[in-house]
Ligand SMILES: Nc1nc2c(ncn2[C@@H]2O[C@H](COP(=O)(O)OP(=O)(O)OP(=O)(O)O)[C@@H](O)[C@H]2O)c(=O)[nH]1
Ligand SMILES: [Mg+2]
Ligand SMILES: [Zn+2]
């Protein structure tokens, strides 16, 4: 018993394995399945780090029709010890999950990373800051259950300390409760602070293509593991250097998930996250005369008062309203879709059940 459990913990612990995961895995261990963490998912196959090494496994067994229930990088899974193909049989209940909707017009959820402790939003200082986009990423980051961090990359391109400090401050006002770190992979500035954060638990790097995520990953790894490429067009639309989500163990402890660039992120049932991004507005709202104040023209509105005095930028309130509206729209659409989805699920299960019964009967007769 000791030799196998020792190897389980010595291999998997650096990847985040702990007693709670072991407990959750116990029923699968009893079935002879192997525990592992998903390093990468690619067209129905995934690489899983197990105590015996990295295995390739098929994900088809784990409800492939629902994009939120597919196996994802960062998942802890129960995988078959052998077989052609070898299947992932289940994933353990996720502690956190970063989910976006693939487009703000449709209500399709997509899970980008599972079991993440730090959601690192990478924003390039080479381009003009888009605070609304940062707020949107942060809403999803908070909603995921992870602690968000904003990393302002390519700080070497803003050598003037005063300008740099202003940019950091602008982002800080849009990100209450979130650390904002200027870093340069080129000259190493700020990397130690980021490394201290990523040394604990699992971190995911998120952001637009060309933001410098993979360059940061390589800097934290101390070697060139991820491909890096110069941006060819300004908005980065024509180019995605990283194409899969990759989980990497860091030399200083902790694991890092590098992800392909995202053009944009649509909210996905992120009401709580939106509230956290605009914490100061929600706090002000507590002082409005009417508890259901819409902060539009009501008397005794503390939010409008703060706009009046300049304590709250109008841009923040506009952005808050926009994200709230978008979220309500997505949630309303999703409910209808989910209902249809669940119905389809029942039918599918019914069909599988019937097929299994028939197969059994065939075997026994
Ligand atoms: N000046 C400067 N350039 C950087 C820095 N970090 C990254 N770059 C450059 O930015 C470009 C894009 O970097 P990547 O690391 O490939 O960006 P990415 O976010 O991984 O892009 P995708 O994989 O497409 O999502 C490359 O040309 C890098 O050399 C930095 O700290 N300073
Ligand atoms: Mg990349
Ligand atoms: Zn109000």
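Every number here is computed from the coordinates shown, using simple stated rules; none is lab data. Here the structure is a predicted model, which is why all the values come from computation and not from measurement. Glycine also receives a Cβ, built like all others from the backbone with ideal geometry; neighbour counts cover every protein chain displayed.
Can you give the calculated 222 nm mean residue ellipticity of the chain, where each DSSP H run of n ≥ 4 adds -39,500 (n - 2.57) and the sum is split over every residue, rounded to the nearest 500 deg cm²/dmol?
Values: 10 runs with 140 residues, N = 365.
Result for the chain: -12500 deg cm²/dmol, rounded to the nearest 500.
Ranked by the mean number of other Cβ atoms within 10 Å of their residues, highest first, the peptides 207-220, 190-203, 11-24, 69-82 fall in the order 207-220, 69-82, 190-203, 11-24.
A Förster distance of 51 Å, applied to the separation of the beta-carbon atoms of residue 296 and residue 60, puts the FRET efficiency at 0.50.
Taking Cα atoms only, the orientation of helix 314-364 departs from the longest principal axis of the chain by about 10 degrees.
Principal-axis analysis of the Cα atoms of the chain puts helix 131-144 at an angle of about 40° to the longest axis.
Please state the shape class of the range 139-270: rounded when a/c is under 1.5, otherwise prolate if a/b exceeds b/c and oblate if not, all from the C-alpha gyration tensor.
On the way: a/c = 1.10, a/b = 1.06, b/c = 1.04.
Here the range 139-270 falls in the rounded category.
Report note on the peptides 261-267, 141-147: ranked by the mean count of other C-beta atoms within 10 Å, highest first, their order is 141-147, 261-267. Annotation for residue 225 and residue 156: the two label points, set 7 Å from Cα along the Cα-Cβ direction, are 2.2 nm apart. The packing ranking of peptides 322-328, 116-122, 27-33, 159-165, highest mean first, is 116-122, 322-328, 27-33, 159-165, where packing means the average number of other beta carbon atoms within 10 angstrom of each residue. The range 141-172 and the range 27-67 have Cα centres separated by 36 Å. The alpha carbon centroids of the range 68-90 and the range 193-212 are separated by 26 Å.
From the square roots a ≥ b ≥ c of the eigenvalues of the alpha-carbon gyration tensor of the chain, which class results: rounded (a/c under 1.5), prolate (a/b over b/c), or oblate?
The shape class here is oblate.
For residue 283, put the label point 7 Å out on the Cα→Cβ axis and report which residues of the range 172-193 keep their amide N under 18 Å from it. In the range 172-193, the label zone of residue 283 (backbone N under 18 Å from the point 7 Å along Cα→Cβ) covers 172-180.
Distance distribution P(r), the range 9-103, all Cα-Cα pairs, bin width 5 angstrom from 0: 2, 14, 27, 27, 18, 8, 3, 1, 0 percent.
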